[in-house]
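Taken together, the values in this text are just the output of simple stated rules run on the coordinates, not laboratory data. All values derive from a computational prediction rather than experimental measurement. Because the Cβ atoms are built from the backbone with ideal geometry, glycine has one as well, and the counts that use them run over all protein chains shown.
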Amino acid sequence: METLPHAMRGRRFLEGVAFLFLVLAAAFLFVRMLPGDPVDIRLQSSMVAGDEATAAVMRSTLGLDQPLWLQFVDWIGGLSRLDGGRSLASDRPVLAELAARLPWSFAIGNGGLLLGVTFGTLLGYASCFHRHGIASAFSRMLVIASQSIPSFAVAFLVFWLVAVELQWIRPVFGSPIERIAGPILVVALFATGPFARVTFGTLVAVQSSSWFMTALAKGLSRKRAMIAHGGRSVVVANAAVLVPELGWAVGGTAVSEIVFGVSGLSAYIVEAAASRDYAVLQLYLVAIFVWLGTAHGCITALRSRIDPRPEVRR
Amino acid sequence: MQDLSISRRALFASATSFMAGIAALSRSTLAQQRPLIIGQTFIAGGLDVAEGSAGWAMVSHGVAENLFTVDRYGHVVPQLASSASRDGDMAWSVTLSPGRRFSDGTPVTASEVSAALSRNVERNPATRASVGRLQFIPIDDLTMRVITERPTPVLKSVLAEWGFAVARAGSSGPAFTGPFRVVSFETGSRLALEPNPHWQRPSSHSVTIVRFQDGQSLALAFRSGEIDLAFNLPVESLGMGRADGLRTVKTFPVAYQYLAILNTRRTVLSDERVRRAISMTIDRAQIVQAIRGGKPSASLWASIFPFGDVSVSPTDRRGAAMLLDEAGWVPGSDGVRTKNGVRLSISLWAYPQRPDLATMQPVLRSQLAAIGIAVETRMTEQATTLARSGDFDILLWAQHTAPAGDPAFFPGLFLASDGGNNFAGWHDGAMDRLVAALRNAVRPDERVAIARQIDARTREAAPVIPLVTPEWHVGLSQRLASYEPWGSDYYIVRGDLTAP
């Protein structure tokens with residue numbers, strides 16, 4: 001019984017290493033398949049046609065004259081030494097550039113999701129307490145709006161409302177909290193609706209379960225029983241919704257960063273994509289893969305812990 | 001009911017406290033003295049003026065300077081240099097102004113400037129566009145010899161080009177000579193500046209340049225009161241800015257030109273008669289109306305320059321139709337002309353970085369349809385790549401055609417057969433001779449006369465059709481209400497940028 005977990009751990013480790021290698025290879029190949037040559041683009045930005053000699057020198061300096069597999073090996077070797085290479089555009093270490101921006105994007109993406117889960121859950125409970133009340137109508141409206149209104153339009157609307165009309169925040173030159181408040185609100189607005197409706201649906205299902213009937217038989221009111229005994233089901237259901245919402249958080253963060261002018265990853269990545277800044281794009285893709293993978297793993301672990309039944313069945 | 005009230009109250013209390021907390025933080029920060037905030041849609045890609053267009057950006061940001069510059073009237077005037085004299089066909093002596101220092105306190109000497117500019121020439125191909133590779137040799141503390149690869153009578157103008165911004169490589173980053181010096185730089189996002197204490201008349205304000213990727217975001221930030229200077233506001237946002245007495249919007253003419261570049265390598269557009277017909281059909285006044293600003297222009301240069309021609313020929317659609325008839329393009333049953341079974345259909349490209357160009361597309365499509373030319377409008381994110389590929393019929397293009405105040409820049413780069421940006425693929429002996437003559441012309445009146453001939457030849461053959469000299473819009477807070485914009489986007493942060 002002692003050897004099995006070790007063997008499983010070893011297998012998991014090997015699977016992790018293989019997964020990481022695949023992620024790195026996919027990020028590298030995807031970026032290198034983008035049309036457009038970074039050297040040409042860079043020379044074109046100088047407003048004159050670069051001669052072949054200049055292009056060759058630049059290509060050699062950047063290591064782009066090496067075979068592709070050798071460039072991949074160099075890149076992996078650099079990463080193992082925590083060296084992600086240098087940005088083609090700024091000539092600064094990519095890791096330092098990303099590290100300076102990551103906290104903004106991380107705070108906006110995760111803050112927006114957290115706010116969305118919190119308000120969505122509260123709204124879902126309120127909707128369930130009064131099925132035809134304002135909360136229920138509002139949550140339905142949020143879901144429809146999130147599917148039909150472009151995120152950049154909502155971002156502009158939030159900017160106008162909270163910064164121009166109400167003057168609650170100064171998104172450009174205020175404190176760090178002010179600078180991320182607007183973008184977090186945008187991400188949260190789009191995330192709230194789905195969590196509210198899933199919470200509502202889960203609570204409706206809970207009300208027909210035998211253990212809920214038992215709680216009622218013990219003398220609890222319907223609302224108290226939902227609060228006391230529906231929480232576990234709601235967490236499990238919302239954890240399932242959180243996985244696809246992670247993808248939205250990446251896109252929503254990018255849009256809101258651009259609209260609010262936050263110095264996060266998004267603007268930097270847009271520039272990097274335009275100039276085919278390979279080192280930046282590769283590392284960004286790896287960071288996104290790793291973040292999504294880690295978050296997915298944490299959510300799965302949370303669900304298993306709260307509701308181990310699927311694991312047992314497997 | 002009690003539970004519902006608790007839930008509602010919790011929701012309301014959370015939202016209120018969240019916003020109240022933010023508002024409190026906002027007020028506390030407002031109380032502090034803040035720098036002048038400049039919002040714009042571009043920022044330097046890096047601090048190394050030898051790389052790409054960073055030299056232009058650093059001059060525009062008020063950080064770097066050239067030996068010579070262009071003043072608000074379009075004249076080339078001394079900046080770090082005091083004079084330049086020609087010693088021979090390809091040799092010049094340049095004398096530096098005494099008493100100038102870099103922002104780290106190092107004196108500006110001929111050896112420092114020579115080293116800086118030699119590095120620019122070595123690393124940036126843009127520096128070799130006008131007169132080839134330049135050599136800079138220090139003679140004494142304030143004098144250096146400049147050797148050009150091709151003869152030029154206008155070295156001052158060449159040295160005013162953005163590739164020749166001066167920077168000294170210091171141990172803690174580059175040092176410049178402009179009115180402001182760099183405090184911190186977030187690539188692609190923000191640039192914090194403080195007054196350069198070694199500049200002639202140091203400003204009393206720090207400056208922060210914030211980049212917005214979207215013009216509408218810039219307009220909203222300006223409207224919210226956070227921005228002191230919002231550069232190049234979108235036309236559609238102007239009403240919003242002007243409605244507020246606390247802010248003003250100033251509109252100013254720029255030296256950019258909106259141009260249509262015709263690909264003469266295409267069979268249809270290789271015929272000069274077709275190109276001229278297109279040129280004669282365009283109603284520039286209607287374009288100005290569509291983009292809500294600017295002046296119709298049939299010249300390669302803006303009218304603020306002495307070589308810019310202000311005259312605009314009237315639209316002549318009947319004449320254009322006759323030219324197309326003569327070229328063998330006859331009206332088809334659907335109104336589109338055909339020749340040997342081929343429809344007269346062309347692609348018209350624009351790029352989103354200049355929104356005005358996209359606005360112009362449907363106007364031009366409708367105008368060309370009137371003489372039987374079918375137009376398919378398209379957009380590209382990579383205008384330069386498309387231009388170089390030659391995979392277009394007509395490309396709308398925004399260009400500062402005299403960035404150093406001299407007419408030689410544009411024809412040498414865009415119209416000469418060997419021009420680095422000869423996107424039209426046009427080869428014309430007469431134009432090449434005019435470009436060569438302009439390179440060698442010494443007297444200002446002679447240069448103006450040749451520039452006019454270049455304009456006339458361009459109008460005649462129409463490989464490039466000038467359309468509009470645009471106007472741009474700058475939003476100003478009360479602190480900067482007296483700021484006067486000039487110099488397009490080349491000189492935004494200047495030494496006179498100060499608040500009362």
(message) Within 10 Å of each Cβ in B:127-133, how many Cβ atoms from other chains are there, averaged over the peptide?
(response) 2
(message) How far apart, in nanometres, would the label points at B:Ser111 and B:Ser172 be if each is projected 7 angstrom from Cα along the Cα-to-Cβ direction?
(response) 2.4 nm
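So which trypsin sites (Lys or Arg not before Pro) in the stretch B:290-371 end up in coil per DSSP with only 14 or fewer other C-beta atoms within 10 Å? Could the numbers behind the result be given before it?
Values: sites: B:Arg292, B:Arg317, B:Arg318, B:Arg337, B:Lys339, B:Arg343, B:Arg365; in loops: B:Arg292.
Sites meeting the loop and neighbour criteria: B:Arg292.
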(message) Given Cβ point charges of +1 (Lys, Arg) and -1 (Asp, Glu) and nothing else, what value in debye, to the nearest 20, does the dipole of the stretch A:3-80 about its Cα centre take?
(response) 600 debye
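About its Cα centre, how strong a charge dipole does chain B have in debye, to the nearest 20, once Lys and Arg get +1 and Asp and Glu get -1 at the Cβ? Walk me through the numbers on the way to the answer.
Working: 50 positive and 46 negative charges, 123 e Å.
I would put it at about 600 debye.
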(request) Going by C-beta contacts inside 10 Å, put B:Ser303, A:Ser60, B:Ser297 in order with the fewest on the left. (result) A:Ser60, B:Ser303, B:Ser297
(request) Specify which residue in the list B:Thr380, B:Gln213, B:Ser347 is farthest towards the positive end of the charge dipole of chain B, using unit charges on the beta carbon of Lys, Arg (+1) and Asp, Glu (-1), about the Cα centre. (result) B:Gln213
(request) Using amide H atoms built 1.01 Å from N in the peptide plane, name the residues 5+ places from B:Thr69, or on other chains, whose amide H lies under 5 Å from its own. (result) B:Val77, B:Gln79
(request) Could you point to the residue in A:Gly261, B:Val336, A:Ala295 farthest towards the positive end of the protein assembly as shown's charge dipole, with +1 and -1 charges on the Cβ of Lys/Arg and Asp/Glu respectively? (result) A:Ala295
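With the convex hull built on the Cα atoms of the stretch B:45-115, state its orientation-averaged projected area in nm². Don't skip to the answer; put the middle values down first.
Working: hull surface 24.4 nm².
Mean projected area of the Cα convex hull: 6.1 nm².
At a threshold of 8 angstrom on Cα-Cα distance, excluding pairs fewer than six apart, so keeping six or more, what relative contact order does chain A reach in percent? All intermediate terms of the calculation are to be shown ahead of the outcome.
Working: 332 pairs, mean separation 75.1, N = 314.
Averaging sequence separation for qualifying contacts and normalising by length gives 24 percent for chain A.
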(request) Please average, across the residues of B:52-64, the number of beta carbons from any other chain that are within 10 Å of each residue's own beta carbon, and give a whole number. (result) 1
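Given C-alpha coordinates of the stretch A:3-80, what is the ratio Rg to Rh with the Kirkwood estimate of Rh? Each step should come with its number before you reach the end.
Values: Rg = 19.0 Å, Rh = 15.4 Å.
Dividing the radius of gyration by the Kirkwood radius yields 1.24.
What helices does chain A have that are whole DSSP H segments, at least 27 Å long along their own axis by Cα, and with mean Kyte-Doolittle hydropathy of -0.5 or more? Before the final figure, lay out the partial values.
Working: long enough: A:3-32 (43 Å, 1.08); A:94-129 (51 Å, 1.18); A:176-206 (42 Å, 1.38); A:231-260 (37 Å, 1.20); A:278-306 (42 Å, 1.22).
Helices meeting the criterion: A:3-32, A:94-129, A:176-206, A:231-260, A:278-306.
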(message) Shape verdict for the stretch A:94-313, please, from the Cα gyration tensor: rounded (a/c under 1.5), prolate (a/b greater than b/c) or oblate.
(response) oblate
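Please order A:Met33, B:Met379, B:Met58 by the number of other Cβ within 10 Å, starting at the fewest. All intermediate terms of the calculation are to be shown ahead of the outcome.
Numbers: A:Met33 7, B:Met379 12, B:Met58 26.
Ranking A:Met33, B:Met379, B:Met58 by Cβ neighbours within 10 Å, fewest first, gives A:Met33, B:Met379, B:Met58.
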(message) Given contacts defined as C-alpha pairs under 8 Å and at least six residues apart, what's the relative contact order of the stretch B:185-267, whole-number percent?
(response) 17 percent
(request) Calculate, in nm to one decimal, what B:Ser311 and B:Val442 gain on full extension: separation in residues at 0.36 nm each, minus their alpha carbon distance. (result) 44.6 nm
(message) Please rank B:Thr148, B:Thr458, B:Thr187, fewest neighbouring Cβ atoms within 10 Å first, as an exposure proxy.
(response) B:Thr148, B:Thr187, B:Thr458
(request) Please name which of A:Tyr125, A:Gly77, A:Gly109 has its Cα lying farthest along the dipole of the stretch A:61-142 towards the positive end, using unit charges on Cβ (Lys, Arg +1; Asp, Glu -1) and the Cα centre as origin. (result) A:Tyr125
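Tell me the relative contact order for chain B as a rounded percent, counting alpha carbon contacts under 8 Å between residues six or more apart.
On the way: 1030 pairs, mean separation 97.2, N = 500.
Once divided by the residue count of chain B, the mean separation gives 19 percent.
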(message) Give the aspartates and glutamates reachable from A:Lys223 as a straight Cα distance under 17 Å; neighbours fewer than 8 places away on the same chain don't count.
(response) B:Asp3
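Please report, largest first and rounded to whole Å, the three semi-axes of the ellipsoid equivalent to the stretch B:148-212, where each semi-axis is the square root of five times an eigenvalue of the C-alpha gyration tensor. Please list the in-between numbers first.
Details: eigenvalues 157, 47, 33 Å².
Working from the Cα gyration tensor, I get semi-axes of 28, 15, 13 Å.
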(request) Assign unit charges at the C-beta atoms only (+1 for Lys and Arg, -1 for Asp and Glu), then state the dipole size of the protein assembly as shown relative to its Cα centre in Debye, rounded to the nearest 20. (result) 2840 debye
(request) Express the C-alpha Rg of the protein assembly as shown as a ratio against the empirical globular expectation 2.2 N^0.38 Å, rounded to two decimals. (result) 1.10
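Can you check what the net charge comes to around B:Thr106, using other residues whose Cβ is under 13 Å from the Cβ of B:Thr106 (Lys, Arg +1; Asp, Glu -1)? Can you show the working numbers first?
Working: positive: B:Arg100, B:Arg101, B:Arg168, B:Arg181; negative: B:Asp104, B:Glu112, B:Asp141.
Once positives and negatives cancel, what remains is +1.
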(message) Regarding the stretch A:114-244, what's the average projected area of the Cα-atom convex hull, expressed in nm²?
(response) 9.2 nm²
(request) Any chance you could check the Cα centroid distance between the stretch A:57-124 and the stretch B:397-472 for me, in angstrom? (result) 44 Å
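Would you mind estimating how fast chain B diffuses translationally, via Stokes-Einstein at 25 °C and 0.890 mPa s with the Kirkwood radius over Cα pairs, in µm²/s?
Working: Rh = 24.9 Å.
Value of D from the Cα-based Kirkwood radius: 99 µm²/s.
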